[in-house]
1. Applying the selection to the range 8-30, what residues are without any contact (Cβ under 8 Å) to a residue 24 or more places away in the chain and within 18 Å of ARG56 (Cβ to Cβ)?
2. Kindly indicate whether any position in the range 31-47 is touching a residue at least 60 places away in the same chain (Cβ under 8 Å), assigned to a loop (DSSP other than H, G, I, E, B) and either closer than 24 Å to LYS80 by Cβ or touching an Asp or Glu at 6+ places or on another chain (Cβ under 6 Å) (or both).
3. Filter the range 1-52 down to the residues that are of a type in the set (Asp, Glu) and surrounded by 14 or more Cβ atoms within 10 Å (Cβ to Cβ) and list them by number.
4. Name the pairs whose Cβ atoms lie under 8 Å apart, with the first residue in the range 65-93 and surrounded by 14 or more Cβ atoms within 10 Å (Cβ to Cβ), the second modelled with pLDDT of 60 or more and of a type in the set (Val, Ile, Thr), and 6 or more positions between them or separate chains?
Amino acid sequence: MALSRDELEECWRKRVQDARGRYLRTKQESVQAAKERAEGLTPSPYGSLAVRQALRAERSALAEYVRTLKAFSDLVMNRKIPFESSEPAAPAA
């Protein structure tokens, strides 16, 4: 069953909100990992590894947020239906 335009926009609005939430969480985790490393709470090499892993997760979450936001923007502003629009939203991690 095809979604109406309003339903499609709402679906993508939710995806943007979810992606933004994941990005903000990973951003906070990378800040926390860097803080713990700087304070010596996580000794080397584990502190450096934790920071690198947190930054990698943050970059990945940011890329997904930007991709999702662009698809939503294209839908709303240009009436371009995203390729993924017929697929169910991925469950939140």
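The values are calculated or read from the model by the stated rules, or taken from the named source; none is laboratory data. Note that the structure is predicted; figures quoted are calculated from it, not measured. Every residue, glycine among them, receives a Cβ derived from its backbone with ideal geometry; neighbour counts consider all protein chains shown.
1. Of everything in the range 8-30, those that are without any contact (Cβ under 8 Å) to a residue 24 or more places away in the chain and within 18 Å of ARG56 (Cβ to Cβ) turn out to be LEU24, GLN28.
2. Narrowing the range 31-47 to residues touching a residue at least 60 places away in the same chain (Cβ under 8 Å): none.
No, the conditions are met nowhere in the range 31-47.
3. Initial filter on the range 1-52 (of a type in the set (Asp, Glu)): 6-7, 9-10, 18, 29, 36, 39.
Scanning the range 1-52 gives GLU9, ASP18, GLU29, GLU36.
4. Hits for this filter: TYR65/VAL16; THR68/VAL16; LEU69/VAL16; PHE72/VAL16; LEU75/ILE81.
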